[in-house]
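Colleague: This structure is in structure tokens; I'll ask about it shortly.
The values are calculated or read from the model by the stated rules, or taken from the named source; none is laboratory data. What you see is a predicted model; the values in this text were computed from it and never measured. Note that we place each Cβ from the backbone using ideal geometry, even for glycine, and neighbour counts take in every protein chain shown. These accessible areas exclude ligands, DNA and RNA; they are computed on the full protein's heavy atoms, side chains included. Shrake-Rupley method; radii C 1.70, N 1.55, O 1.52, S 1.80 Å.
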Amino acid sequence: QVQIVESGGGLVQPGGSLRLSCAASGSIFSIQVMGWYRQAPGKRSELVASITTGGTTNYADSVKGRFTISRDDAKKMMNLQMNSLRPEDTAVYYCQMRILGVEYWGQGTQVTVSS
């Protein structure tokens, strides 16, 4: 059984930084694609950033240059460093990991950017 757990959300002022982490546990041989999604109230879920096994990254235009995704396969972890946060980054952030073609999701962590 695979479990995905996020951590690191919270309240931060505009211009501040947060680091989200995601850890997988269970019988996992390898994790293909890892990604972060977010959903703001009243809005559709959107892909924030993703990273492949080979390290290829993809970012939403709105976060390019501000967010950095990274992965540590030995620890089965993924991080999202978020800098220069804006109020429009406020959302619930979800970790997704694709393992043997199956997508697993975390429970979500709230990020609130407000003064």
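Colleague: Give the range 88-115 a look and list any residue that's in a loop (DSSP other than H, G, I, E, B), within 14 Å of Arg38 (Cα to Cα) and open to solvent by 70 Å² or more (accessible area, probe 1.4 Å), or say none.
Modeller: To start, the set of residues in the range 88-115 that are in a loop (DSSP other than H, G, I, E, B) comprises 90, 100-101, 106-108, 114-115.
Now narrow it down to the ones that are within 14 Å of Arg38 (Cα to Cα): 90, 106-108.
Scanning the range 88-115 gives a single hit, Gln107.
Colleague: In the range 1-58, what residues are over 11 Å from the mean Cα position of the chain (by Cα), under 16 Å from Asp72 (Cβ atoms) and open to solvent by less than 30 Å² (accessible area, probe 1.4 Å)?
Modeller: Ile4, Ala24, Ile28, Ile31, listed by residue number.
Colleague: Follow-up question, since we're still on this one. Can you work out which of the residues in the range 70-87 that are crowded, with 21+ Cβ neighbours inside 10 Å and closer than 17 Å to Gln39 by Cβ is nearest to the chain's Cα centre (by Cα)?
Modeller: Residue satisfying both the conditions and the ranking: Leu80.
Colleague: Quick one: which residue in Thr109, Thr53, Thr57, Thr68 is of a type in the set (S, T, N, Q), in contact with an Asp or Glu (Cβ under 6 Å, 6 or more places away or on another chain) and at negative phi? Step through it out loud before you land on a result.
Modeller: Numbers: Thr53 fails: in contact with an Asp or Glu (Cβ under 6 Å, 6 or more places away or on another chain); Thr57 fails: in contact with an Asp or Glu (Cβ under 6 Å, 6 or more places away or on another chain); Thr68 fails: in contact with an Asp or Glu (Cβ under 6 Å, 6 or more places away or on another chain).
Going through Thr109, Thr53, Thr57, Thr68 in turn, just one is of a type in the set (S, T, N, Q), in contact with an Asp or Glu (Cβ under 6 Å, 6 or more places away or on another chain) and at negative phi: Thr109.
Colleague: Any chance you could count how many residues in the range 1-41 are modelled with pLDDT under 95 and under 13 Å from Pro87 (Cα atoms)?
Modeller: 1
Colleague: If Asp61 satisfies all but one of (1) open to solvent by 70 Å² or more (accessible area, probe 1.4 Å); (2) in contact (Cβ under 8 Å) with a residue 24 or more places away in the chain, what's the number of the condition it fails?
Modeller: So the condition that Asp61 fails would be (2).
Colleague: Tell me which strands (runs of 3 or more DSSP E) are completely within the range 37-87 and hold 3 or more residues being farther than 18 Å from Glu103 by Cβ, or say none if there are none. Please lay out each step first, then the result.
Modeller: Values: elements: 46-51, 57-59, 67-72, 77-82.
Filter on the range 37-87 gives 67-72, 77-82.
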